[in-house]
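K.L.:
Encoded as C-alpha cells, here's the structure I'll be asking about.
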Amino acid sequence: MPDGTDLPPASDGPPDEVSPFGAPDSPDEVGRERLRDALFRPSRGQIVVGVLLAVLGFAAITQVRTNTTDNTYAGYREQDLVDVLSGLSDASQRAQGQINQLEATRARLEQSQQAQDAAIEAAQKQAEELSILAGWVPVTGPGIRLTVTEGPRPVDVNTVLDTIEELRSAGAEAMQVNGKVRLVAQSSISPATGGLMIDGTLVSSPYVFDAIGDPHTLRGALELVDGPIAQFRNDAGADVSVDELDSLDMTAVRQPTTPQYAQAE
C-alpha cells in the first residue's frame, strides 16, 4: 500500500513533444517544421498532385495559343485548299496582267507626249525662222557690214541685186539697207533721184548693207573675182569696205500683210 503521497492524475492525450533540449515546441515552430518536411521530403501523394497541376497548366497555355491562331482554313479538306490556292494564283495573274497593260498604256502616252513636245518645238523653231526670213521680227547675230560710197557714177541696180543674191547664197539669214529697209525675197529695187528706191523707201549713198550669218563665209562671197566688191569699184568707182562683226542688231522689220484673194465674178 503506497503511502499517503498523492500521484498526479493521468492524462488522456498524447504526451507533449519534447525538444532535444528537453522543452516542448510551440505550435508555430511545429507548423514550420512540418512545412520544411513537405518541401524537402515530399510524400508520394504530394508528388502526384504536383505533376497533375503541371500538366493542367501546360494544357491551359496550349489552349490559349491555339485560340489566337487563324482557323479560317482549319476545317478545309486538302482538295479545298488546293482550289483556294489555285483561285489566288489566278487572281494574282489577272492583277499582274492589268498592271502590265497600265504600264504599257503609260509608256505609249509618255512617248506620244514626247513626240508632241518635239513636234511643237520644231514648229516653233520653224515659225521663228520663217519670221526672220520674212523680216517680221528683229534679229541679232554675227555678220558683216558692207559700206558702199558712190564715186563719180551712181551704183548700178544690177550690182546691188547681185550683192543681195551672193549674200543670200552664202547663207545670210537676214539683211537690211541703211538700217531702214529689211530685204526679203519679194523686195524690189529701182533707180531713183538721189539714190535707190527699195520697197518704196528712198535710200541714198553711202549704202550700208547689213547681213547676219557666218562673217567669214559672207565676206568671201563678196570678194570673189569679178564679184560684187569688184563690180562696185570698177563700174561706179565707188569706195567699198567690209567689216566683220561679232554682234549685229537688225532692227528694221516689215509688217505682215494679209493676202488679198480675187473675188469670183
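K.L.:
Out of curiosity, is ASN158 assigned to a helix (DSSP H, G or I) and farther than 27 Å from ILE212 by Cα?
P.N.:
Details: assigned to a helix (DSSP H, G or I): yes; farther than 27 Å from ILE212 by Cα: no.
So ASN158 does not fit the description; no.
K.L.:
Report yes if some residue within the range 147-167 is within 23 Å of TYR207 (Cβ to Cβ) and surrounded by fewer than 10 Cβ atoms within 10 Å (Cβ to Cβ); otherwise report no.
P.N.:
yes
Residues are listed down the side, and each one gets a yes or a no for (1) closer than 17 Å to MET250 by Cβ; (2) modelled with pLDDT of 95 or more; (3) out of contact with any strand residue (DSSP E or B) (no Cβ under 9 Å at 6 or more places or on another chain):
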| residue | (1), (2), (3) |
| --- | --- |
| GLN126 | no, no, yes |
| LEU130 | yes, no, yes |
| LEU133 | yes, no, no |
| ARG145 | yes, yes, no |
| ASN178 | yes, yes, no |
| VAL184 | yes, no, no |
| PHE209 | yes, yes, no |
| PRO215 | yes, yes, no |
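K.L.:
Considering every residue within the range 58-65, establish whether at least one is modelled with pLDDT under 65, open to solvent by less than 100 Å² (accessible area, probe 1.4 Å) and out of contact with any Lys or Arg (no Cβ under 8 Å at 6 or more places or on another chain). Please lay out each step first, then the result.
P.N.:
Taking the range 58-65 and keeping what is modelled with pLDDT under 65, we get 63-65.
Subsequent filtering for residues that are open to solvent by less than 100 Å² (accessible area, probe 1.4 Å) retains 64.
Narrowing the set further to residues that are out of contact with any Lys or Arg (no Cβ under 8 Å at 6 or more places or on another chain) leaves 64.
Yes, the range 58-65 has at least one match.
K.L.:
While we're here: Determine the pairs where a residue that is at positive phi, located within the range 198-222, has a partner that is open to solvent by less than 50 Å² (accessible area, probe 1.4 Å) and not in a strand (DSSP E or B) with Cβ atoms under 7 Å apart, the partner being 6 or more residues away or on another chain.
P.N.:
Between residues of the range 198-222 that are at positive phi and residues that are open to solvent by less than 50 Å² (accessible area, probe 1.4 Å) and not in a strand (DSSP E or B), the close pairs are ASP199/SER187; GLY213/ALA170; GLY213/GLY171; GLY213/ALA172.
K.L.:
If you take the residues in the range 203-240 that are of a type in the set (A, V, I, L, M) and exposed (fewer than 14 other Cβ atoms within 10 Å of the Cβ), which one is nearest to LEU183 (Cα to Cα)?
P.N.:
Here is the first cut: in the range 203-240, the residues of a type in the set (A, V, I, L, M) are 203, 208, 211-212, 218, 221-222, 224-225, 229-230, 236, 238, 240.
Checking the rest, the ones that are also exposed (fewer than 14 other Cβ atoms within 10 Å of the Cβ) come to 224-225.
Numbers: LEU224: 22, VAL225: 25 Å.
Filtering first and then ranking leaves LEU224.
K.L.:
Can I ask one more? Only residues that are over 15 Å from GLY171 (Cα atoms) and touching a residue at least 12 places away in the same chain (Cβ under 8 Å): list them for the range 124-133, please. Don't jump to the end; show me each part of the working.
P.N.:
Of the residues in the range 124-133, the ones over 15 Å from GLY171 (Cα atoms) are 124-128, 131.
Those that are over 15 Å from GLY171 (Cα atoms) and touching a residue at least 12 places away in the same chain (Cβ under 8 Å): none in the range 124-133.
The values are calculated or read from the model by the stated rules, or taken from the named source; none is laboratory data. In this text, all values refer to a predicted model and were calculated from it rather than measured experimentally. Don't worry about glycine lacking a Cβ; one is built from the backbone with ideal geometry, like all the others, and counts go over all protein chains shown. Side chains included, ligands, DNA and RNA excluded: accessible areas come from the protein's heavy atoms. Shrake-Rupley method; radii C 1.70, N 1.55, O 1.52, S 1.80 Å.
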